[in-house]
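> Handing you this structure, nothing more for now.
The values are calculated or read from the model by the stated rules, or taken from the named source; none is laboratory data. Everything numeric in this text was worked out from a predicted model, so none of it was measured. Don't worry about glycine lacking a Cβ; one is built from the backbone with ideal geometry, like all the others, and counts go over all protein chains shown. Ligands, DNA and RNA are stripped out before the accessible areas are found, and what is left, the full protein with its side chains, is counted by its heavy atoms. Shrake-Rupley method; radii C 1.70, N 1.55, O 1.52, S 1.80 Å.
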Amino acid sequence: MKKALYPGSFDPITYGHLDLIRRGAQTFDHLVVAVARNTGKESMFTPEERVEIIESLTRELANIEVAQFDGMTVDFARQHGCGVILRGLRTMADFEYESQLAFINRTLAPDVETVLLMSSQEYTFVSSKWIREAVIFGSDVSQFVPKSVAEQLRERAGK
Ligand code: ADP
């Protein structure tokens, strides 16, 4: 059984992430979506909230599990029997960051392979960081995140 781990901040989860989750679930037998607790970034949602949100949005996918983690991604992958770390690629900037991560992870854990999926064209410019900023300035982000997430973001931003 091919198990993959999709780690990220998911703060908030976007249609880009959900697209990757759906495609990852088709590519692998089992996909563990792992919410990183220790990102060092100021967050919009707590890790517990992010897990709950992702669970509610992926209910129709039978081979998905959502968890949260601290520490090194490769350690968490091994603990969960995941031989693959799944990540997404949008732009050349992602490529630089993701290739560095992949090289580090391979050095730490040669038995864990990184698989990078190209983002779908319509989500190439969708990022959690941009969405957090847009919400603070009162922009409508409902094209980029599910309705329930857009509503919660609006409440958080006090708009
Ligand atoms: P991190 O803080 O670990 O980069 P993110 O939640 O921002 O966490 O992203 C997790 C992964 O999902 C990364 O590999 C990122 O490149 C990918 N990703 C983010 N947004 C998109 C998108 N719109 N399309 C495809 N992949 C994406």
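> What is the sum of charges, Lys and Arg at +1 and Asp and Glu at -1, for the other residues whose Cβ falls under 10 Å from the Cβ of G8?
Its environment carries a net charge of +1.
> Another one. Counting each DSSP H run of 4 or more residues in the chain as -39500 (n - 2.57), what helix-only mean residue ellipticity at 222 nm follows after dividing by all residues, to the nearest 500 deg cm²/dmol?
It comes out at -13000 deg cm²/dmol, rounded to the nearest 500.
> Here's a follow-up. Please compute the contact order of the chain in relative form: average sequence separation of alpha-carbon pairs under 8 Å and at least six residues apart, divided by the residue count, as a percent.
29
> Just tell me which aspartates and glutamates come within less than 12 Å, Cα to Cα, of K2; anything on the same chain fewer than 8 places away is out.
Answer for K2, where 12 Å is the Cα cut-off: D29, E113, listed by chain and number.
> Could you calculate the FRET efficiency of E133 with Y97 from 1/(1 + (r/R0)^6), where r is the beta carbon distance between them and R0 is 22 Å, rounded to 0.05?
0.70
> For region 115-159, what does the accessible surface come to per residue with a 1.4 Å probe? Please give it in Å².
Result: 65 Å² of accessible area for each residue.
> Just to make sure I understand: if all protein chains stay in place, what is the order of M92, M1, M72 by accessible area at 1.4 Å, largest first?
Putting M92, M1, M72 in descending order of accessible area: M1, M92, M72.
> Above 21 Å lies some portion of the pair distances; for region 41-150, what is it as a whole percent of all C-alpha pairs?
In whole percent, the share of Cα-Cα pairs in region 41-150 beyond 21 Å is 51.
> Specify whether the C-alpha gyration tensor of region 30-86 places it in the rounded, prolate or oblate class, a ≥ b ≥ c being the square roots of the eigenvalues: rounded for a/c under 1.5, otherwise prolate if a/b is larger than b/c and oblate if not.
Taking the square roots of the gyration eigenvalues as a ≥ b ≥ c, region 30-86 is oblate.
> List the residues of region 3-24 whose backbone N lies under 15 Å from a point placed 7 Å from the Cα of Q143 along the Cα-to-Cβ direction.
Within reach of a label on Q143, which here means backbone N under 15 Å from a point 7 Å along Cα→Cβ, region 3-24 contributes 15-16.
> Further question on the same structure: Using label points projected 7 Å from each Cα along Cα→Cβ, tell me how many nm separate E52 and H80, to one decimal.
For E52 paired with H80, the spin-label model returns 2.0 nm.
> According to the square roots a ≥ b ≥ c of the eigenvalues of the Cα gyration tensor, what is the shape class of region 4-49, taking rounded for a/c under 1.5, prolate for a/b larger than b/c otherwise, and oblate for the remainder?
Note, shape of region 4-49 comes out prolate.
> In whole angstrom, and with the biggest value first, how far do the Cα coordinates of region 1-97 range along each principal axis?
Computed over region 1-97, the largest-to-smallest principal extents equal 36, 31, 27 Å.
> At 1.4 Å probe size, put R87, R154 in order of accessible surface, largest to smallest.
R154, R87
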